[in-house]
Amino acid sequence: MKIDQMIQRLEKEDRQIVLLEQTAALLQWDEETGMPPAGHASRVKQISLIDSLVHERRTDPEFLGLLNELAHHDLSGLTEAQRALVRLHTDRGTKSSKVPADLVARTSEAAGNAQNKWVTARKEEDFASFAPALKEVLECKKLYCQAVGYQEHPYDVLLDDYEPQMLSSEVDTQFSLLSKALVGLLDRIRGKEQPDDSFLYKEYAKEDQDAFGRMVLEDMGFDFERGVMEEAVHPFTTVVGADDVRITTRYSEPSVASALYSTIHEGGHALYELGACNDVTRGSSLSEGVSLSVHESQSRLWENIIGRSEAFWDHYYPKFSSLYPSQLEGVSKRGFVRGLNKVSPSFIRVNADEVTYSLHVILRYELEKLLVTDSLTVDELPDAWRELSGKLLGIIPERLSDGVLQDVHWSAGLVGYFPTYALGNLFGAQFYATMASAIPDLEAAISRGELSVPKRWLEEHIYQHGKIHPATGLLEKVTGDPLDASFFVDYLDAKYSRLYDL
Ligand code: ZN
């Protein structure tokens, strides 16, 4: 077969896989936003049918044969996007073809069982009832690492599922710099007077919060012709079609900041997905964010670096405080921004402030690596959690639901996922530093509410490339540097020195 024909077949197959995945995403969206509770059982069957159709297509011997044939061809005459598509499918196909089908089935059964056990164990504060199910999940993960094979560390196999090509040795280097700097910064903040943030916990009318969030989204460049926002228990972003990107937010948390920052966070993910879909990538697997870390860099850049900045509130505070004159009576703009950025170690990762958040992630990452190499047993895990929490955050949770049982990830088999949250902070600060030196007027533009200025830059340098370049290649192409945690450390240092008069 000629190379042109092979590429055409690959593109056709790829587009069908994308359509199936988007169909599953729509079913999932409906499940989270509108489905009646009793619909759950048939929804599970519908989604798992589509998942198995996708799996069949990906592992079809003819399709794998096509990829194998392409691997032996000279691809230099192809476009950059075509070469990227071949690389994406080849990497994925090579990896999954090494994993025996019975291990795939055993893993999904183990995760299903562990999730059920986790829900009850968390409610009843009973780790022992969850431990055997978690052991089975980890056993599957270790077998997976062996089946795929690795050069340096078994964890690399797991990390690669979420952050392709990243090695744990690289994460170790960045996280050791990061944790030292964060623990130091936290120490300096501890000695200072804490800002008052009690005004965030007053009663704020939901309709106004919703209208304000939508206005910010629109200013960010979220296109309501190509996207919607609804409410759900857990905020998320999903892609239902090339021009149909959906986000959710929630108004149920006690702090008014939490709904707004959920909206901005998911808005950041959505802008990336919307911008990744263009004439070159539309309808293909390339029209997606490149990796979880880069995705999280885009949501957290909008949420924290822009959305929690003083410049942002120069423009928005007059609008926000005029919606809520009684709740914000006597609160200055600076007082408001200080309250929003209050740093205080707490037990729950998802509620953590910007300084302590990455320490929660590093804690989980360190434990995961020990578990995968059998340097720590599941039975020792709760004590190891408490010890490391004391070391990193300076606080030790009493309750298991505030500690080792708080996240769904391990029970769902998502081992290797956590580091991407903190890596997102690192990628985001590095991208932002580059953007700020390219646009000297950036902060002033944000103060004027011109969020289209950062959006245009992100669109040109990050969004539009979709999955065409690997994550680290994209980072170096855009910033000129390899991954370097000191960008994030310097950003936090400058910001919190100002806010806390350090
Ligand atoms: Zn996110």
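Readers should treat all values here as calculations from the given coordinates under stated rules, not as data from a laboratory. Because the structure is a prediction, the values reported are computed rather than measured. Virtual Cβ from ideal backbone geometry, glycine too; neighbours counted across all protein chains shown.
Going residue by residue through the stretch 338-349, is there one that turns out to be without any contact (Cβ under 8 Å) to a residue 40 or more places away in the chain and either surrounded by 20 or more Cβ atoms within 10 Å (Cβ to Cβ) or within 16 Å of the ligand (Cβ to nearest atom) (or both)?
For the stretch 338-349, residues without any contact (Cβ under 8 Å) to a residue 40 or more places away in the chain and either surrounded by 20 or more Cβ atoms within 10 Å (Cβ to Cβ) or within 16 Å of the ligand (Cβ to nearest atom) (or both): absent.
Quick check, is R15 within 21 Å of G241 (Cα to Cα), part of a helix (DSSP H, G or I), out of contact with any strand residue (DSSP E or B) (no Cβ under 7 Å at 6 or more places or on another chain) and touching a residue at least 12 places away in the same chain (Cβ under 8 Å)?
yes
When residues of the stretch 23-54 are filtered for being within 22 Å of K95 (Cβ to Cβ) and free of Cβ contacts under 8 Å to residues at least 12 places away in the same chain, how many remain?
Here the count works out to 2.
Name every residue in the stretch 283-337 that is basic (K, R) and away from the ligand (no atom under 16 Å from the Cβ), in order of residue number.
K319, K333, R334
Run down S168, S108, S176, S96 and say which single residue is among the hydroxyl-bearing types (S, T, Y) and touching an Asp or Glu at 6+ places or on another chain (Cβ under 6 Å).
Every option except S168 fails the conditions.
Say whether the condition of being of a type outside the set (K, R), within 30 Å of E11 (Cβ to Cβ) and surrounded by fewer than 19 Cβ atoms within 10 Å (Cβ to Cβ) is met by at least one residue in the stretch 104-125.
Yes, the conditions are met somewhere in the stretch 104-125.
Kindly indicate whether any position in the stretch 209-218 is more than 16 Å from the ligand (Cβ to nearest atom) and either among the acidic types (D, E) or under 30 Å from P470 (Cβ atoms) (or both).
Checked the stretch 209-218: at least one residue is more than 16 Å from the ligand (Cβ to nearest atom) and either among the acidic types (D, E) or under 30 Å from P470 (Cβ atoms) (or both).
Of V290, V216, V233, V228, which residue is part of a strand (DSSP E or B) and β-branched (V, I, T)?
Of the residues listed, the single one that is part of a strand (DSSP E or B) and β-branched (V, I, T) is V228.
So which of E296, E207, E266 ends up being more than 19 Å from W29 (Cβ to Cβ), within 13 Å of the chain's Cα centre (by Cα) and acidic (D, E)?
Answer to the check: E296.
Name the residues in the stretch 368-401 that are among the hydroxyl-bearing types (S, T, Y) and farther than 20 Å from K180 by Cα, would you?
T373, S375, T377, S401
Within the stretch 431-485, considering only helices (runs of 4 or more DSSP H) that don't extend past its boundaries, which have at least 3 residues that are aliphatic (A, V, I, L, M)?
Filter on the stretch 431-485 gives 442-447, 471-479.
Take the residues of the stretch 162-191 that are out of contact with any Pro (no Cβ under 9 Å at 6 or more places or on another chain) and assigned to a loop (DSSP other than H, G, I, E, B): which is surrounded by the fewest Cβ atoms within 10 Å (Cβ to Cβ)?
Looking at residues that are out of contact with any Pro (no Cβ under 9 Å at 6 or more places or on another chain) and assigned to a loop (DSSP other than H, G, I, E, B), I get G191.
Considering each residue of the stretch 267-276, count those that are within 11 Å of the ligand (Cβ to nearest atom) and out of contact with any Phe, Trp or Tyr (no Cβ under 7 Å at 6 or more places or on another chain), and give that number.
Summing the residues that are within 11 Å of the ligand (Cβ to nearest atom) and out of contact with any Phe, Trp or Tyr (no Cβ under 7 Å at 6 or more places or on another chain) in the stretch 267-276 gives 1.
Can you tell me which residues in the stretch 243-266 are part of a loop (DSSP other than H, G, I, E, B) and either surrounded by 24 or more Cβ atoms within 10 Å (Cβ to Cβ) or within 15 Å of the ligand (Cβ to nearest atom) (or both)?
Within the stretch 243-266, R250 is the sole residue that qualifies.
So which residues in the stretch 465-497 are closer than 19 Å to P195 by Cβ and without any contact (Cβ under 8 Å) to a residue 12 or more places away in the chain?
Scanning the stretch 465-497 gives A494, S497.
Out of the stretch 219-242, which residues are touching a Gly at 6+ places or on another chain (Cβ under 6 Å) and either within 16 Å of the ligand (Cβ to nearest atom) or among the basic types (K, R) (or both)?
Across the stretch 219-242, the qualifying residues are M220, F222.
Considering only the stretch 163-185, I want to know if a residue exists there that is over 21 Å from L423 (Cα atoms), of a type outside the set (D, E, K, R) and touching a helix residue (DSSP H, G or I) at 6+ places or on another chain (Cβ under 6 Å).
no
Run I50 past the list (1) in contact with a helix residue (DSSP H, G or I) (Cβ under 9 Å, 6 or more places away or on another chain); (2) more than 25 Å from S284 (Cα to Cα) and report the number of the one that doesn't hold.
Exception for I50: condition (2).
Restricted to the stretch 420-451, and to residues that are in contact with an Asp or Glu (Cβ under 7 Å, 6 or more places away or on another chain) and within 16 Å of the ligand (Cβ to nearest atom), which residue is nearest to V157 (Cα to Cα)?
Within the stretch 420-451, the match that is nearest to V157 (Cα to Cα) is T420.
Please determine, by comparing only the residues of the stretch 379-408 that are of a type in the set (G, A, S) and not in a helix (DSSP H, G or I), which one is surrounded by the most Cβ atoms within 10 Å (Cβ to Cβ).
Selected residue: G403.
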